[in-house]
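Everything on this sheet refers to the single structure shown next.
Rule-based calculations on the coordinates, nothing more; no lab input. In this text the structure is predicted, and so the values were computed from the model without any measurement. Every residue, glycine as well, gets a Cβ built from its backbone with ideal geometry; the counts of neighbours run over all protein chains shown.
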Amino acid sequence: MNERNYKIQKIDDYRWRILREGKMHVDGIVYADESMMKEIQKDESLQQVINVACLPGIVGHSLGMPDIHWGYGFPIGGVAAFDMEDGVVSPGGVGYDINCGVRLLKTGLCRVEISGKLESIVDSLFVNIPSGVGSHRKDLKLSQHEVKNVLKNGAQWAVSHGYGSKEDLEHIEEKGCIFGADPELVSTRAIERGLAQLGTLGSGNHFVEVGYVSEIFDEKIARTLGLEKDGITIMIHTGSRGLGYQVCDDFIKVMIRASGKYNIELPDRQLCCAPINSPEGRDYFAAMACAANYAFANRQMITHWVRESFERALHVSPKESRISLVYDACHNIAKFEDHLVNGQKKRLCVHRKGATRAFPPNHPDTPAAYKAVGQPVFIPGDMGRCSYVLVGTEKAYSDTFGSTCHGAGRVMSRNQATKVAKGRSIAQELKEKGILVRADSRATLEEELSDAYKDVTKVVDVVQHAGISKKVAQLKPLCVIKG
DNA sequence: ATGTGC
C-alpha cells in the first residue's frame with residue numbers, strides 16, 4: 001500500500017525534486033524542510049503531485065507547497081500551470097470550495113482599547129454572521145435573478161447594494177470580480193443553494209478571527225499595508241458555500257465524460273479534465289468564475305456585518321473603528337495569467353488549490369497602493385497559535401507561477417483529531433490561553449484542534465527561506481467564531 | 001469543503 005516508486009532528490013534545504021519518469025511530462029517540485037518532507041510522505045499527496053505531472057499540456061513543474069496534503073485528485077497545496085493550446089482545466093485542480101480565500105481587515109483600534117470587550121465582540125459577530133453547515137441568512141434571501149447578478153459581478157454587486165465601499169474593491173484580487181463568468185452555465189440546483197447563503201461562514205476550517213499584530217518583521221512594508229504593533233485586525237476565511245460545491249460536483253460529471261471524449265489518459269479519475277479550449281473546458285471556467293464571484297461577494301458581505309458588529313459591541317462610529325480592507329486573496333482557483341516559460345512570455349491556465357497568488361512588486365495585478373511592496377498574502381494558522389502576513393516576490397513569479405502556501409496544513413485527519421480531542425473541552429482550553437471561541441458545533445471545534453495542524457511558523461519559514469514570499473507581520477488571535 | 005452517503 002505504501003510502496004513508493006518515485007525518486008526524490010534534495011535540491012536545497014527547502015526544495016525537493018521528484019524526477020520525471022514514466023508518463024510524467026515534467027518534474028515535481030515540493031517546498032518543504034527535511035522534517036516536513038518525512039510527514040508529507042505519510043499520505044498520498046506526493047503521488048498526487050506525480051499524477052498531476054502526467055496531465056496534458058502541463059508546463060514548468062507540478063508544484064507542492066509546504067502545507068501540501070492529500071486532496072480530491074490534485075493535492076491541497078498544489079500549483080499546476082497548463083499551456084492554453086494543448087493544456088487542460090480541471091475541477092479537481094481548483095477544489096470543491098471554489099475561491100475559498102482569506103481577507104484581512106485592519107482597524108483603528110489597538111489591543112488595550114478592546115480588552116474587556118472581547119466577550120461582546122465575539123457574541124456580536126456570532127449573532128450577525130450565520131455559521132455552521134448549511135447556515136443561511138434569515139434577513140436576506142435573494143431571487144434567482146439577483147443571485148445571477150452576484151455571479152456576474154462578485155464583490156462589486158455587494159458594494160453597489162450598500163455592503164462596503166468602492167475603496168474595498170481596490171483591495172481584492174481581481175477587484176472582486178473574475179472576468180468571463182456566465183450564470184447560464186450554473187445549474188438551477190447550484191443557484192438554489194446560493195439563495196440564502198450569501199454572507200454566511202460555513203463550517204470546517206472557516207472562521208472570522210479578531211487578532212492583533214504581535215510582531216513585525218518588516219517595518220516599511222507593514223506601514224504600507226497599514227499594520228502596526230498591537231493594532232487590531234480581523235481575518236475572514238470562507239468561500240463559495242453550497243453554490244461552489246454544487247458547481248464543482250456538476251462539472252466533475254461533465255469532465256469525466258469529457259476526459260473520455262478527448263482521449264485524456266488519467267492516472268486517477270479524480271483528475272478528470274477537458275482541454276482549456278473545448279466547450280467543456282470553457283463552460284467549466286465560466287461556471288467556476290461565477291462561484292468565485294459568489295465567494296468574493298460572500299466575504300464582502302461578511303465584512304459589512306463585521307463592521308456592524310464592532311460598532312454595536314463597542315458603541316463606536318465607523319469613523320472611530322476605522323475598519324478597512326488590507327487585501328482579499330483566493331486560494332482555490334484557476335486563472336489565466338502571463339508567465340515566462342523558457343524565457344518567453346506565455347498565457348497559461350494556473351491552477352492554485354490550497355495555494356495563494358503571491359505576485360511581486362510592480363506587477364500590473366498588484367494593487368496600486370502596494371505596487372512598491374508586492375501583493376499581500378495571508379497565511380492563517382490554527383485556532384491556538386498565530387497567523388502571518390507576507391508579500392509576494394520576484395522569485396515566486398519566476399519559480400512557482402507567482403504562488404505560495406495557504407495555511408498550516410493538516411497533520412491529522414478530521415477523524416483522528418476527534419479521537420485526540422475526546423474528553424477535552426477545546427473551547428475551555430482556548431479560553432485559558434486567552435482566546436474566546438464561539439462555534440456552531442462542538443464536533444467542528446474538535447476537528448479543528450490546534451494539534452491537528454502543522455506549526456504554521458514552520459510552513460511560513462519554508463516559503464520565506466525559499467524566497468517565494470517575504471514575512472511582514474505575525475498576528476495572534478483574541479477571539480474567533482467558527483462553523 | 002459539502003443540506004458531511006444515493
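Put simply, the convex hull of the Cα atoms in segment A:281-355 casts, on average, a shadow of 7.3 nm². Would you please give the FRET efficiency between A:Glu432 and A:Asp268, computed as 1/(1 + (r/R0)^6) with r the Cβ-Cβ distance and R0 = 41 Å, to the nearest 0.05? Efficiency for this residue pair is about 0.40. From the largest down, segment A:415-477 spans 42, 25, 18 angstrom on the principal axes of its Cα atoms. Summary of packing: across the peptides A:216-228, A:45-57, the per-residue average of other C-beta atoms within 10 Å ranks them, highest first, as A:45-57, A:216-228.
A protection proxy built from the mean count of other Cβ atoms within 10 Å ranks the segments A:79-88, A:18-27, most packed first, as A:79-88, A:18-27. Start at zero, step by 5 Å, and the Cα-Cα distances of segment A:97-174 spread as 3, 10, 14, 21, 22, 17, 9, 4, 1, 0 percent across the bins. In segment A:1-117, the inverse of the mean reciprocal separation of distinct Cα atoms equals 15.9 Å; this is its Kirkwood hydrodynamic radius. Each of A:Ala181, A:Val94, A:Ser441 was scored by the projection of its Cα onto the charge dipole of chain A, and the greatest displacement toward the positive side belongs to A:Ser441; charges sit on the C-beta of Lys, Arg, Asp and Glu. Here the calculated FRET efficiency for A:Glu170 and A:Glu119, from their Cβ-Cβ distance with R0 = 25 Å, stands at 0.15, rounded to the nearest 0.05. Where only DSSP H runs of four or more residues are counted, chain A gives -10000 deg cm²/dmol as its mean residue ellipticity at 222 nm, each run worth -39500 (n - 2.57).
Along the axis of the charge dipole computed for chain A (Cβ charges of +1 for Lys and Arg, -1 for Asp and Glu, origin at the Cα centre), the listed residues A:His136, A:Val254, A:Leu325 are led at the positive end by A:His136. Note on A:Glu85/A:Arg223: beta-carbon distance plugged into 1/(1 + (r/R0)^6) with R0 of 56 Å gives a FRET efficiency of 0.80.
Between A:Arg189 and A:Ala443, the distance separating the two model label sites (each 7 Å from Cα on the Cα→Cβ line) works out to 2.2 nm. Each residue in A:Trp16, A:Trp157 was given a count of other beta-carbon atoms within 10 angstrom of its own, and listing them fewest first yields A:Trp16, A:Trp157. Approximating the spin labels as points 7 Å out from Cα along Cα→Cβ, the A:Val112-to-A:Ser425 distance works out to 3.2 nm. Treating chain A as a set of equal point scatterers at the Cα positions, no solvent, please give the Debye-formula log₁₀ I(q)/I(0) at q = 0.06, 0.08, 0.10 Å⁻¹. Log10 I(q)/I(0), no solvent term: -0.24, -0.43, -0.69. Placing a pseudo-label 7 Å from each Cα along the Cα-to-Cβ vector at A:Arg257 and A:His465 gives an inter-label distance of 5.0 nm. Charge dipole of chain A (Cα centre as origin; +1 on each Lys and Arg Cβ, -1 on each Asp and Glu Cβ, all else neutral): 360 debye, rounded to the nearest 20.
Ordering A:421-429, A:286-294 by mean Cβ neighbour count within 10 Å, with the highest value first, yields A:286-294, A:421-429. Using a Cα-Cα cut-off of under 25 Å, which lysines could be cross-linked to A:Lys431, ignoring same-chain neighbours fewer than 8 residues away? Excluding near neighbours in sequence, the set is A:Lys106, A:Lys117, A:Lys229, A:Lys419, A:Lys422, A:Lys454, A:Lys458, A:Lys476, A:Lys482. Charges were assigned to the Cβ only: +1 to each Lys and Arg, -1 to each Asp and Glu. The resulting dipole of segment A:148-190 about its Cα centre is roughly 240 debye.
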